[in-house]
Amino acid sequence: MAAECEAIGVVGGGQMGSGIAQLGLVHGLHVYLSDSDPEALARASKSISSSIQRLISKGNLSEAEGSAALQRLHCTSSLEEMNGCDVIIEAIVESEEVKKKLFVELDRIAKAPAILASNTSSISITRLASATKRPAQVIGMHFMNPPPVMKLVEIIRGVNTSDETFLATKALAERFGKTVICSQDYSGFIVNRILMPMINEAFYALFTGVATKEDIDTGMKLGTNHPMGPLELADFIGLDVCLSIMRVLHSGLGGSKYVPCPLLVQYVDAGQLGRKQGLGVYDYR
Ligand code: CAA
Ligand code: NAD
């Protein structure tokens with residue numbers, strides 16, 4: 001990668017991709033944002049504009065900085081337009097198969113020195129890297145939701161990730177004002193290895209009638225000072241994302257403690273994916 005990153009690509013314009021794109025823009029980068037769903041791309045562009053407007057109205061950005069940031073946003077339906085990017089960050093659906101297909105495509109399109117990063121919550125970076133001819137330049141760059149607000153980026157090196165790729169990715173995360181932690185490449189890394197079993201346990205508590213959803217969430221909010229209760233947080237993350245992560249933990253680490261709660265499975269089967277879609281454990285409509 002060039003000494004100084006000037007342009008990034010972000011693939012996937014959902015909650016995470018749009019937040020990562022916003023971070024790039026306000027930190028002076030050109031951002032090429034793409035999504036396979038044109039409506040999702042339009043929603044991402046709108047939400048980035050309104051977030052940047054909020055930053056201007058709160059005095060965190062000047063009018064000139066805000067409008068320059070928006071001018072650096074290039075929404076595109078063609079991945080080919082990312083061929084000049086120094087780093088391409090993938091933030092699409094949490095599926096190894098779908099991500100691998102994308103990595104094959106990105107490997108073909110990206111310029112030779114470019115880094116291919118994945119925002120995956122749980123999937124093996126080594127296996128994603130094996131879909132490319134540049135495994136030394138593939139890395140996990142795991143932002144927390146919402147990316148503009150949360151202070152952490154978890155970096156995961158695959159077996160073949162080079163020191164140069166690691167240092168450039170760390171520098172990019174630090175440019176975004178984030179604290180970096182490093183995890184070995186095991187299912188769920190650090191944060192979700194610990195967070196998701198807690199969320200899953202909250203579903204078991206609800207499923208087995210220990211308490212109401214409100215009391216479970218209030219218990220963890222007031223009892224342990226979490227900003228959100230685990231069920232509310234699951235809705236915020238996306239129940240589909242939580243279930244995919246639990247399945248990766250279960251298949252990667254084994255053992256009964258990672259078996260997804262049947263109630264979580266049922267919500268996803270019913271299409272209740274959480275806050276992003278209006279209905280999850282709670283009703284946001
Ligand atoms: N984008 C940009 N800014 C946002 C935002 C978003 N989506 N959501 C909130 N903000 C900003 C607000 O503008 C506000 O900024 P100011 O203080 O400058 O005014 C600030 O964040 C606080 O927001 P609110 O006052 O609206 O709401 P809040 O105080 O309730 O905080 C929250 C919202 C930050 C989301 C807080 O509830 C929280 O920290 N929740 C827990 C989030 C969490 O645990 N995230 C990690 C999930 S796990 C993960 O991400 C990994 C994975 O792989 C699943
Ligand atoms: P999301 O459902 O909000 O958005 C995913 C987007 O990817 C959608 O807009 C979808 O149209 C698009 N997409 C799907 N397949 C695609 C493809 N092949 N090419 C281009 N676009 C495609 O999901 P999200 O919550 O933003 O999660 C995205 C990634 O980030 C996942 O890997 C997830 O595990 C990870 N992650 C999520 C969170 C969270 O709290 N939600 C936190 C950290 C990391």
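The values are calculated or read from the model by the stated rules, or taken from the named source; none is laboratory data. Computed from a prediction, not measured in an experiment: that's the story for all the values here. Neighbour counts are summed over all protein chains in view; Cβ atoms, including those assigned to glycine, are modelled from backbone coordinates with ideal geometry. Accessible surface areas use protein heavy atoms only, side chains included; no ligands, DNA or RNA. Shrake-Rupley method; radii C 1.70, N 1.55, O 1.52, S 1.80 Å.
Taking 19 Å as the straight-line reach from the Cα of Lys170, the lysines in range (excluding those fewer than 8 positions away in the same chain) are Lys151, Lys178.
For region 7-184, the alpha carbon positions stretch 45, 32, 26 Å along the principal axes, listed from largest to smallest.
Take every Cα-Cα pair in region 105-220 and report what % of them are more than 19 Å apart. Of the Cα pairs, 53 percent sit more than 19 Å apart.
Dipole size of region 194-277 about its Cα centre, with +1 on Lys/Arg Cβ and -1 on Asp/Glu Cβ: approximately 180 debye, rounded to the nearest 20. Summing Lys and Arg as +1 and Asp and Glu as -1 over all other residues whose Cβ lies under 15 Å from the Cβ of Thr224 gives a net charge of -3. Pairs of Cα atoms nearer than 8 Å and 6+ residues apart set the relative contact order; for region 194-277 it is 33 percent. Counting Lys +1, Arg +1, Asp -1, Glu -1, what net charge surrounds Lys276 among other residues with beta carbon under 15 Å of its beta carbon? My count for the surroundings of Lys276 gives -4. Accessible surface computed residue by residue for the chain, with neighbouring protein chains in place and a 1.4 Å probe, gives 46 Å² per residue.
Of the peptides 242-248, 66-72, the order by per-residue mean of other Cβ atoms within 10 Å, starting with the highest, comes out as 242-248, 66-72. Run the numbers on the chain and let me know its relative contact order in percent, using alpha-carbon pairs under 8 Å that are six or more apart. This gives 14 percent for the chain. Overall size of region 27-101 from C-alpha positions, given as principal axis extents largest first: 43, 24, 18 Å. Packing, taken as the mean count of other beta carbons within 10 Å per residue, orders the peptides 109-119, 15-25 from highest to lowest as 15-25, 109-119. For region 194-277, the Kirkwood radius over C-alpha pairs fed into Stokes-Einstein at 10 °C and 1.306 mPa s yields D = 124 µm² per second. Across Ile237, Ile123, Ile155, mean-square fluctuation computed from a Gaussian network of the chain (C-alpha pairs under 10 Å connected) peaks at Ile237.
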